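Colleague: Structure incoming, see below.
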Amino acid sequence: MIAIIDYGAGNVKSVENAVRKLGFETKITSNLEEIKQADKVIFPGVGEASTAMKYLKLKGLDVLIPTLKQAFLGICLGQQLLCKFSEEGNTKCLGIFDLKVKQFPATDIVPHMGWNNLIKTKTSLFEGVSDEDNFYFVHSYYCEIGENTTSECDYILPFSATLQKDNFYGTQFHPEKSGDIGSKILENFLKL
Amino acid sequence: MLKKRIIPCLDIKDGRTVKGINFIGLRDAGDPVELAKKYVNDGADELVFLDITATLEGRKTLIELVEKLSLEINIPFTIGGGISSVDDVEALLKAGADKVSINSAAVRRPELVQEIAQQFGNQCVVVAIDTKNIDGEDYVFINGGKIKTELKTIDWVKTVTELGAGEILLTSMDFDGTKNGFDTRMLKNISQICQLPIIASGGAGKMEDFTEVFSETTATGALAASIFHFNEIKISDLKENLKQNKIAIR
């Protein structure tokens, strides 16, 4: 069973639909025991960082998530919350990745909204994906680049499009909204 | 590089697709789910559905439609039309919509933009603006273009940006339905002061119109309806044409 963490905001349904289409059983949940028992965990994110962290604390998920051993995928805000700090609401986050989440400078249109390609990809999630492929992004804050960066995207400045450390994976883009190539990334994760 | 978005718009009435010319006179253009799937296969980058149903039964049908779309569509889609409360938004997002578009309700009660942004994030708030040029000034119209307001479009864009909108869907009433090309004058004028992504809407008639709007304005998306519904332009052909004209396209 694939646990999809529910935290009250956002569109978890499209993630569930995408995962089910690939033939996996899902459960949308914030129950600690269910998440602990799941084969894999997906943490989709839209919304605001400090509100989301408050909710995770309320449910005890801030303590549970860093202890999980199964493959874990944070999407969009989900990836950002795996970093150590976000400028959005000056929020202390989960600290899996030793990186800061910063606001895009207002030198171009913000949010970064739409389809963009990745550069310097080096993660098992990208099998069957080429450098010309595009993924759907929508965000006003970005994860810095660091040693856990497994691909970059360039908008205003280069930032971490994907991150990985041990069993923790993150994508800034929305694989569930990135057409067939996005499904391929999800499938690669689900088959890890 | 961020790609420019081609966005078909499907007007929905009682669960069916329709498209008016200059907001008057509707023609049936088919089943929304089938049309949406066809557009995704053709390479659409996003989809917009505008519900023009007025009845309560029609709104319930809309939620069912959003649920069906969410199962079938793996690219982002926006739902607009008749949204006037945070509860409306919650129901649509829960059913699987990615964004909601608000128009008249935001003009009547601007705090709505803020309430939606705070609860669900700026990324899901598209403010749709119908604008018309009167004596050299661009004014906001509401109620499907029937009522003129005293709001200047440029001021309204600034206001909704401050309130937390994530994107502006800007429809030129002067150009909508004419197929004479996008309203580049108005779009340039507004985009000068707008930090948000703008979707250009109204006037698309031929492929060159899209090249023009993307090279002459900062619009990051271009929306059209009937030219796609009636197969006058195929999205895959359009995107090939744009690539040849050096526009960044997926």
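Colleague: For B:K152, what is the net charge nearby, where nearby means another residue's Cβ is under 11 Å from its Cβ and Lys, Arg count +1, Asp, Glu -1?
Modeller: -3
Colleague: What are the ³J(HN,Hα) couplings of the range A:106-116, residue after residue, when phi is run through the Karplus curve with 6.51, -1.76, 1.60 and θ = phi - 60°? Round to Hz, x for glycine and proline.
Modeller: My calculation for the range A:106-116 gives 7, 8, 9, 5, 10, x, 6, 10, x, 9, 9 Hz in order.
Colleague: Which entries in the list A:K100/A:K122; A:K84/A:K165; A:K100/A:K177; A:K92/A:K177 go over 18 Å, if you measure between the two C-alpha atoms of each?
Modeller: A:K100/A:K122; A:K100/A:K177; A:K92/A:K177
Colleague: Still on this structure, I have one more. Towards the positive end of the charge dipole of the protein assembly as shown, with charges on Cβ (+1 Lys, Arg; -1 Asp, Glu), say which of B:I73, B:T17, B:I7 has the farthest Cα.
Modeller: Result: B:I73, furthest along the dipole toward the positive end.
Colleague: While we're on this one: How big is the C-alpha Rg of the range A:2-190 next to the rule-of-thumb value 2.2 N^0.38 Å, as a ratio?
Modeller: So the range A:2-190 has a normalised radius of gyration of 0.93.
Colleague: Assuming a ≥ b ≥ c are the square roots of the Cα gyration tensor eigenvalues, decide whether the range B:135-224 counts as rounded (a/c under 1.5), prolate (otherwise, with a/b larger than b/c) or oblate.
Modeller: It comes out oblate by the Cα gyration axes.
Colleague: So what are the ³J(HN,Hα) numbers for the range B:157-172, from phi and the Karplus equation (6.51, -1.76, 1.60; θ = phi - 60°), rounded to whole Hz, Gly and Pro as x?
Modeller: Along the range B:157-172, the couplings run 4, 4, 4, 5, 5, 5, 6, x, 4, x, 6, 10, 9, 10, 9, 7 Hz.
Colleague: Okay, next question. Does the range A:1-42 come out rounded, prolate or oblate, given a ≥ b ≥ c as the square roots of the eigenvalues of its C-alpha gyration tensor, rounded meaning a/c under 1.5 and, failing that, prolate meaning a/b above b/c?
Modeller: oblate
Colleague: Can you divide the C-alpha Rg of the protein assembly as shown by 2.2 N^0.38 Å and report the result to two decimal places?
Modeller: 0.94
Colleague: Can you tell me which of B:234-240, B:123-129 comes out highest on packing, and rank the rest after it, using the mean Cβ neighbours within 10 Å?
Modeller: Peptide ranking by packing, descending: B:123-129, B:234-240.
Colleague: Continuing with the same structure: Note down the magnitude of the dipole of the range B:5-244 about its Cα centre, charges +1 on Lys and Arg C-beta and -1 on Asp and Glu C-beta and zero elsewhere, to the nearest 20 debye.
Modeller: 160 debye
Colleague: Same structure, new question: Anyone know which of A:S160, A:S124, A:S151 comes out most mobile in the 10 Å Cα GNM of chain A?
Modeller: Of A:S160, A:S124, A:S151, the Gaussian network model singles out A:S124 as fluctuating most.
Colleague: Kirkwood Rh over Cα pairs of the range A:102-165 into Stokes-Einstein at 10 °C, 1.306 mPa s: D in µm²/s?
Modeller: Taking Rh from Cα pairs, D becomes 130 µm²/s.
Colleague: Amide H to amide H under 5 Å from B:T178: which residues, 5+ apart in sequence or cross-chain, H placed 1.01 Å off N in plane?
Modeller: B:G203
Colleague: A follow-up question, please. Using θ = phi - 60° and the Karplus curve 6.51 cos²θ - 1.76 cosθ + 1.60, what whole-Hz ³J(HN,Hα) does each residue of the range A:26-37 get, with Gly and Pro shown as x?
Modeller: Karplus values, whole Hz, x for Gly and Pro: 10, 9, 7, 7, 10, 7, 4, 5, 4, 5, 4, 7.
Colleague: Taking a 21 Å limit on the Cα-Cα distance, which of the listed pairs B:K146/B:K206; A:K13/B:K99; A:K191/B:K4; A:K102/B:K3; B:K60/B:K148; A:K21/A:K54 fall beyond it?
Modeller: In this structure, B:K146/B:K206; A:K191/B:K4; A:K102/B:K3; B:K60/B:K148; A:K21/A:K54 exceed 21 Å between Cα atoms.
Colleague: Quick check for me: using +1 on Lys/Arg Cβ and -1 on Asp/Glu Cβ, what's the dipole size of the protein assembly as shown about its Cα centre, in debye to the nearest 20?
Modeller: For this selection, approximately 440 debye.
Colleague: Further, regarding this structure: Mind checking which of B:A248, A:C76, B:A117 is farthest towards the positive end of the protein assembly as shown's charge dipole, using Cβ charges of +1 (Lys, Arg) and -1 (Asp, Glu) about the Cα centre?
Modeller: Checked the options; the winner is A:C76.
Colleague: Quick one: P(r) of chain B from all Cα-Cα pairs, 5 Å bins, percents rounded to integers, in order of increasing distance.
Modeller: 1, 6, 15, 19, 21, 19, 13, 5, 1, 0
Colleague: Also: For A:V63, what charge total do you get from the other residues with a beta carbon under 15 Å from its beta carbon, if Lys and Arg give +1 and Asp and Glu give -1?
Modeller: +4
Colleague: Then there is this: B:A128: net charge of surrounding residues, Cβ under 13 Å, Lys/Arg +1, Asp/Glu -1, itself excluded?
Modeller: Result for the neighbourhood of B:A128: -4.
Colleague: So, with +1 on the Cβ of K and R and -1 on the Cβ of D and E, and no other charges, what is the size of the charge dipole of the range A:2-190 about its Cα centre, to the nearest 20 debye?
Modeller: Using only the charged Cβ atoms, the result is roughly 540 debye.
Where a number appears in this text, it was derived from the coordinates with a stated rule and is not lab data. Please read all numbers here as calculations on a predicted model, not as lab measurements. Don't worry about glycine lacking a Cβ; one is built from the backbone with ideal geometry, like all the others, and counts go over all protein chains shown.
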